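The values are calculated or read from the model by the stated rules, or taken from the named source; none is laboratory data. Quantities reported herein were computed from a predicted structural model and do not represent experimental measurements. Neighbour counts are summed over all protein chains in view; Cβ atoms, including those assigned to glycine, are modelled from backbone coordinates with ideal geometry.
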Amino acid sequence: MSTDKKTTDSKMSGMSGGAMVGKADSDFMMKAAMGGMMEMQLAQAAQQKASSQEVKDLARKIEQDHKQASDKLKAIAAERHVDLPATMGPEHEKMMAKVTGLTGEEFDRAYTKLMVADHKKDIREFEKAVNRSMDSDLKNFASATLPSLKEHLTSAQQLSTSTRSRAADKK
């Protein structure tokens with residue numbers, strides 16, 4: 001195969017830097033960017049508002065990991081001339097307002113519950129991107145990000161259980 005043919009085939013399939021991105025890949029990047037923004041902002045709030053040190057530690061880990069993922073996603077999007085959103089959008093803002101309006105153990109319970117639900121959704125979206133993306137860089141990004149999402153989910157599930165049991169003990 002000639003170099004010209006390889007280049008043409010690669011650009012048509014969305015596999016090279018600067019190539020056009022399909023709607024599904026573009027949608028995935030948008031959702032991942034908005035979800036990442038919400039998780040980073042919630043993690044910052046959790047580090048201030050959580051009553052449990054374990055919740056604060058999880059929030060710090062989530063913030064660090066999502067910052068790294070966000071930076072990688074921004075680089076991929078820039079190469080493909082995809083403009084990622086600057087804000088998280090109304091759905092994420094609503095979820096954030098609901099949780100950040102709480103304090104103490106109520107905040108801990110709501111935060112860990114939201115992190116469980118959100119990471120389950122994120123894992124489904126990232127697995128779909130791994131299996132269906134036409135862009136090798138995006139597929140690799142999703143694949144490389146999945147282990148930390150699964151780690152966050154496991155930690156959030158454990159903390160969610162312990163925050164619920166602490167609440168039950170106080171009744």
Report task. Give me the pairs, please: first residue somewhere in region 126-138 and under 15 Å from Glu79 (Cα atoms), second residue anywhere and among the β-branched types (Val, Ile, Thr), beta-carbon distance under 7 Å, and either six or more positions apart or on two chains. Result -> Asp135/Val21; Asp137/Ile76; Leu138/Ile76
Query raised in the report: In the set Lys67, Lys74, which member is closer than 16 Å to His152 by Cβ, surrounded by fewer than 20 Cβ atoms within 10 Å (Cβ to Cβ) and either modelled with pLDDT of 95 or more or among the small types (Gly, Ala, Ser) (or both)?
Result: Lys67
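Against the condition in contact with a His (Cβ under 6 Å, 6 or more places away or on another chain), over 17 Å from Ser70 (Cα atoms) and in a helix (DSSP H, G or I), how does Leu149 come out, does it pass? Spell out the reasoning first.
On the way: in contact with a His (Cβ under 6 Å, 6 or more places away or on another chain): yes; over 17 Å from Ser70 (Cα atoms): no; in a helix (DSSP H, G or I): yes.
Judged against the criteria, Leu149 is not a match.
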Report summary line: Within region 94-124, restricting to residues that are under 15 Å from the mean Cα position of the chain (by Cα) and surrounded by fewer than 17 Cβ atoms within 10 Å (Cβ to Cβ), the one that is farthest from Ser26 (Cα to Cα) is Ala117
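Taking the stated definitions as given, is Phe141 farther than 22 Å from Ala50 by Cα and at pLDDT 95 or above?
Values: farther than 22 Å from Ala50 by Cα: yes; at pLDDT 95 or above: yes.
So Phe141 passes the test.
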Requested in this report: Mind listing whichever residues of region 97-123 are within 13 Å of Leu42 (Cβ to Cβ) and among the polar types (S, T, N, Q)?
Outcome: Thr100, Thr112
Report task. Kindly provide the set of residues from region 77-93 that are crowded, with 16+ Cβ neighbours inside 10 Å and of a type outside the set (Gly, Ala, Ser), ordered by number. Result -> Arg80, Val82, Leu84, Met88, His92
Requested in this report: Report whether or not Ala97 is modelled with pLDDT of 95 or more, within 16 Å of Met34 (Cβ to Cβ) and small (Gly, Ala, Ser).
Outcome: no
Requested in this report: Give just the number: which of (1) of a type outside the set (Ser, Thr, Tyr); (2) on the phi > 0 side of the Ramachandran plot; (3) free of Cβ contacts under 8 Å to residues at least 24 places away in the same chain does Asp83 not satisfy?
Outcome: (2)
